[in-house]
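Peer 1: So that we are looking at the same thing, I have put the structure below in structure tokens.
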Amino acid sequence: MNSIDNESRLQMEAMLQAVLDALEAFVAADSWAEARRVLEAHPRELLTDVADDVLVTMMARYEDAEVVRMLAQHRQVLMRCRVVGIDVAFAELAAVDIPCPEGVDPALWQRALQIDNSAAMMDFLAEYPDLITPIYRRMSYILGEAHISLLDGILALLEADTWTVARDIVESLPALLSLETDLWLMQYSMALRRAGNHRAVTVVEMRRWLLARCRMIGIGAAFGERLALRDGVQVGASAIPTSYWVIQDVAQAL
């Protein structure tokens, strides 16, 4: 019995050492091209929960912010490889180095390139919504598929011009009923208000109200109830008034 236990222990130690060796080579690579070669040579060690746990432990032990940032970036790459595959993950990574798009403030562009987590990116986009389209490729790497899907849903909802379209969007993406969506719309509304775009603020706040009603009483009831709005138009009408729903400023900003 003891010999079996010892054998299992030795196997686990060997496996952990292999993970540590692969991680050391992956993190110490001089370029992402070299890091990819390390990963393709050691997928069984690097694309595992064990490797992720080791990186999390290392990040918790280091006090140097730059080292922690570097480890977090390598962890993000490995996580993306597990979700979308090595080819897609490294294609996303290459998008980080794309030059500043025409018409974008270089200082803001550099700020965007320094963001390495989804919460900070969503806050940044709420403050500068006009950068959503120019930095979409950067966003896909940082935010991941779930956040990108949510952001796409928010943009579609902002541009919806009928109740039917709006309802289809909300029903197809339950994440729109999350508090994260409400927070993003609130921040976006505040940014628009600071910019003096009060018509666009009205559009965003109406959608916040609509999603809040969906959370409170359900999607079907929220879209079917007949509550008078400030301009006297009732929810459930065939289309929402242009003055409240179709605001070109929003579409242009996004």
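The values are calculated or read from the model by the stated rules, or taken from the named source; none is laboratory data. Since this is a predicted model, take the numbers as computed values, not measurements. Cβ atoms come from the backbone with ideal geometry, glycine included; neighbour counts cover every protein chain shown.
Peer 1: Please enumerate the residues belonging to the stretch 44-64 that are touching a residue at least 24 places away in the same chain (Cβ under 8 Å) and not small (Gly, Ala, Ser).
Peer 2: Glu45, Leu46, Leu47, Thr48, Val50, Asp52, Val54, Leu55
Peer 1: Only one of (1) at pLDDT below 75; (2) over 21 Å from Ile154 (Cβ atoms) is not met by Ile115, so which one is it?
Peer 2: (2)
Peer 1: For the stretch 58-71, does any single residue satisfy the condition of being among the β-branched types (Val, Ile, Thr), outside any loop (DSSP other than H, G, I, E, B), over 22 Å from the mean Cα position of the chain (by Cα) and over 25 Å from Glu13 (Cα atoms)?
Peer 2: Yes, there is a match, as at least one residue in the stretch 58-71 is among the β-branched types (Val, Ile, Thr), outside any loop (DSSP other than H, G, I, E, B), over 22 Å from the mean Cα position of the chain (by Cα) and over 25 Å from Glu13 (Cα atoms).
Peer 1: Next question, about the same structure. Quick check, is Glu180 under 14 Å from the mean Cα position of the chain (by Cα) and at pLDDT 80 or above?
Peer 2: Taking the combined requirement at face value, the residue satisfies it.
Peer 1: When the residues of the stretch 79-95 are filtered to those that are surrounded by 14 or more Cβ atoms within 10 Å (Cβ to Cβ), modelled with pLDDT of 80 or more and among the aliphatic types (A, V, I, L, M), which remaining residue is nearest to Leu55 (Cα to Cα)?
Peer 2: Only one residue tops the list, namely Met79.
Peer 1: Among the candidates Ala239, Ala175, Ala221, Ala228, which residue alone is over 26 Å from Ala120 (Cβ atoms), at pLDDT 80 or above and surrounded by fewer than 18 Cβ atoms within 10 Å (Cβ to Cβ)?
Peer 2: Criteria check complete, one pass: Ala221.
Peer 1: How many of the residues making up the stretch 24-57 are surrounded by 13 or more Cβ atoms within 10 Å (Cβ to Cβ) and either of a type in the set (Ser, Thr, Tyr) or in a loop (DSSP other than H, G, I, E, B) (or both)?
Peer 2: Counting residues in the stretch 24-57 that are surrounded by 13 or more Cβ atoms within 10 Å (Cβ to Cβ) and either of a type in the set (Ser, Thr, Tyr) or in a loop (DSSP other than H, G, I, E, B) (or both) gives 4.
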